[in-house]
Each structure stands twice: as structure tokens, then as C-alpha cells.
1. Picking from E316, E300, E366, E280, which residue would you name as being modelled with pLDDT under 95 and within 26 Å of L268 (Cβ to Cβ)?
2. Where residues in the stretch 227-247 are of a type outside the set (V, I, T) and not in a loop (DSSP other than H, G, I, E, B), which of them is nearest to N260 (Cα to Cα)?
3. So, in the stretch 300-328, exactly how many residues are of a type in the set (D, E) and crowded, with 24+ Cβ neighbours inside 10 Å?
4. May I ask you to verify whether N286 is among the polar types (S, T, N, Q) and open to solvent by 10 Å² or more (accessible area, probe 1.4 Å)?
5. How many of the residues making up the stretch 66-80 are over 14 Å from S116 (Cα atoms) and in a helix (DSSP H, G or I)?
6. If you go through the stretch 250-296 one residue at a time, how many are part of a strand (DSSP E or B), within 29 Å of P211 (Cα to Cα) and of a type in the set (A, V, I, L, M)?
7. Conditions: (1) aromatic (F, W, Y); (2) touching a Leu at 6+ places or on another chain (Cβ under 8 Å); (3) under 30 Å from E273 (Cα atoms). F355 meets all but one. Number of the miss?
8. Kindly indicate which of E273, E262 is open to solvent by 40 Å² or more (accessible area, probe 1.4 Å), of a type in the set (D, E) and over 15 Å from M329 (Cβ atoms).
Amino acid sequence: MERLKKLSAIIINHSIKVKKNDKVLITYQTNDASEFIKYLVKDILNAEGIPTVKYTNPELENLVKENITNALIENRKNIMKFEVEEYDSFIQIHSNLSDYYDKNIDTNLNNKLKESMQPYKDILVNKRHWVLLNYPSLVDAYKAKMTYDEFFNFSLDVMTAPYDKMYKDMLPLKELMEKTDKVRIVSPGTDITFSIKGLPAIICAGEANIPDGEVFTAPVRDSVNGTITYNTPSPYNGYVYHDVSLTFKDGKIVECHASNDEEKLKELFDTDEGSKYVGEFSFGLNPKIMNPMGDILFDEKIAGSIHFTPGSSYDECDNGNKSKVHFDMVLIQREEYGGGEIYLDDVLVRKDGKFVLPELENLNYED
């Protein structure tokens, strides 16, 4: 299929830029992706790279995690250490078969596993080339309220966006954000302010997550004040939270609410000190992704949205906040979702999901 070939070419040539003798580890979770993986392998070989393919079954993986021991944690750590030392690039192909795989895994043991592997995950994310994508599944089609064929076609369309053009269109927003001190976000149930002074703005245009389309930064850690209410489903660690509302004082979450699993949400923000602070603020900018489906790889790119993320910051935009948690949650500000405004240094920049400054109009979605 031509679009699978195109997606493979984007990943190998644009995202991870495979060079001669680069070792590339492809991890996948379902045989549905086999045809796509063939294209990836061929493109890696054509670039004179060295591909390895690894299959992981999510149900079996989580069966192990549900019965995890200290010996298993040590083994997992050593496997990840080997992989990040052995490979130059990583292609992770997920397939969403359930939002609730992690539900029965002991939180403390899972956190211990994450903590043991964190140094090597940091190397993978910050020192290696990597791509993460979700191969279309029946579960995702259901969540997107589409037939599988409709969702497959939609996924391939948004994954193969014109990333070179997207990058150029994002440059004026990056420049504006890097000149900004104060941000204010206003929407139904939301009035929140924070500073992004001195922090870089990072363009995401197909280099890591697929699909892509965002520009992110981070708030000055102690600067967040006010309340934000998210209007999309928020999946994390085997739970899907709805109608999440967070209130901040001097950067710290002092109150949190959800219409379901509220006690579990409070427990999540007690994971460690950093889980109570925010590590990322981002504009969602993919003009082909318009509605939430409970898959954060898609939802955080929704046109006319932002995500505001409790937990760890990224090394490339480090505000000093570190945590085992990185909980992306999305607020859509288009008119049909209640509208809203974003002000940068008291200047209205986006209203009801559309940029109002001439230099940013290329980032607007089409009605």
C-alpha cells in the first residue's frame, strides 16, 4: 500500500534519519502491522542500516508485571540497558487492544520498575533517535466512532502529514513563545496563569511521535496559579479519567477533581513531589485531528487544543521538575468545545482555537 510505504519513508528518512551501519530496533505488538514492518525493514536496509525486529505481547507483558519480583525488575533493567547501549534508533509500534491492561498491576511495584529503568529510558529519549506510533486497531476505531477501514484511512492521512511544511509554519509560534513571559489560558472552568520566561519552545513535526504536530515548552516550575478543566478523556496507567480539574498555587496542585476514579487520581498526584508540578505546556496543531478518542498520541495534537502536563519535564526543555509521572491531559478550545482564549504577555494570540495574529494564521485548521 502506497501510504504505508510513504509512512515508512518518513520514519526512516525524516524521523530517525538512518545512516550506514545504524542499528535499528523495531518493536511491535500485533501481526496486523507485519506489512508495514516489511517496508520499514526494506527502507532500513536500503539506507545500509541494520534492522532487528522484536515482538512483544501486551497481555503477556502485563501478566509478568502483575507478578513482578525484585529479580524480574533487575532483569528488565538489564535488558533495557543492553538495548540502549546496543542500538542507535528505536521504532516502537504500539497497538491499542485495551485501555485497562495496567489496571491490576501493583502501583508501588510498577513505580519501582519505572524507577529502575528510568536512567536508560532517559538515554533512549534524549540521546537516541526514536519514533512511537500506534498502528490502527479495532479498539481505536471504536473509540474514534469509525469503522476500521475509516479509521485506518484517517490514521494514515494524519500520520503522513507534510511535516516539512508543518515545521516552517511552526517557526513563528516558536519565536513568539521564546519571547514570552506570562501565559494566561481562559475557558469554561479554566483561568490559569504561568510564566514560560527563559524556556525554549520545541517544534514537533514528525521527528518522534507519529502522528505529530505541536510546539511545546514548560512553565517556570513555581509560577502556575489558577484552575484548569480538561474536556477530553484522560487515560493513564490503566484508568481513563473524565472531567479532570486541577487547581494550582505557586506551581503545585492543591486540589484535583474528576467525575470518576477521583481517589485514584489523587493517589497518582501523590506518586512523588514532581507529580504535583507541571513539566509541559503545548499547543496542539495537527489540522487533520479534530476530535478526541482517548489516545494521547492523537489527542495531544488536536487542532485548537493545548495540553498541560503534570509530571516530569523533558531534557530539551527542562524546568527542573522530575517525576515518575508524565500525564498529558488535553483541553480543546474550539467553539464547539466551549471556546476559550490564550494570551501571551496580555496579548490575545488564539481565540476559540484559531490564531488571531497574522504571522500565525498558517497554523489554523480549515472549517
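The values are calculated or read from the model by the stated rules, or taken from the named source; none is laboratory data. Keep in mind that what you see is a predicted model, and the values were worked out from it rather than measured. In this analysis, Cβ positions are derived from the backbone assuming ideal geometry, glycine residues included, and neighbour counts consider all displayed protein chains. Remember, those area values only see protein heavy atoms, side chains included, never the ligands or the DNA or RNA. Shrake-Rupley method; radii C 1.70, N 1.55, O 1.52, S 1.80 Å.
1. On the way: E300 fails: modelled with pLDDT under 95; E366 fails: within 26 Å of L268 (Cβ to Cβ); E280 fails: modelled with pLDDT under 95.
Checking each option against the conditions leaves just E316.
2. Of the stretch 227-247, the ones of a type outside the set (V, I, T) are 230-231, 233-239, 241-243, 245-246.
Adding the requirement that they be not in a loop (DSSP other than H, G, I, E, B) leaves 234-236, 239, 241, 245-246.
Details: S234: 11, P235: 12, Y236: 13, Y239: 10, Y241: 6, S245: 12, L246: 14 Å.
This residue is Y241.
3. Start the filter on the stretch 300-328 by keeping residues that are of a type in the set (D, E), which leaves 300, 315-316, 318, 328.
From what's left, crowded, with 24+ Cβ neighbours inside 10 Å: 300.
Count: 1.
4. Values: among the polar types (S, T, N, Q): yes; open to solvent by 10 Å² or more (accessible area, probe 1.4 Å): no.
Here the answer is no, as N286 does not meet what is asked.
5. First, pick out the residues of the stretch 66-80 that are over 14 Å from S116 (Cα atoms): 66-67.
If we keep only those that are in a helix (DSSP H, G or I) too, we end up with 66.
Qualifying residue count, the stretch 66-80: 1.
6. If we filter the stretch 250-296 for residues that are part of a strand (DSSP E or B), which is where we start, we get 252-257, 278-284, 286.
Now drop any that are not within 29 Å of P211 (Cα to Cα), which leaves 278-284, 286.
Filter once more, keeping what is of a type in the set (A, V, I, L, M): 278.
Number of matching residues: 1.
7. Status for F355: all satisfied but (3).
8. On the way: E262 fails: over 15 Å from M329 (Cβ atoms).
Only one candidate passes the filter, namely E273.
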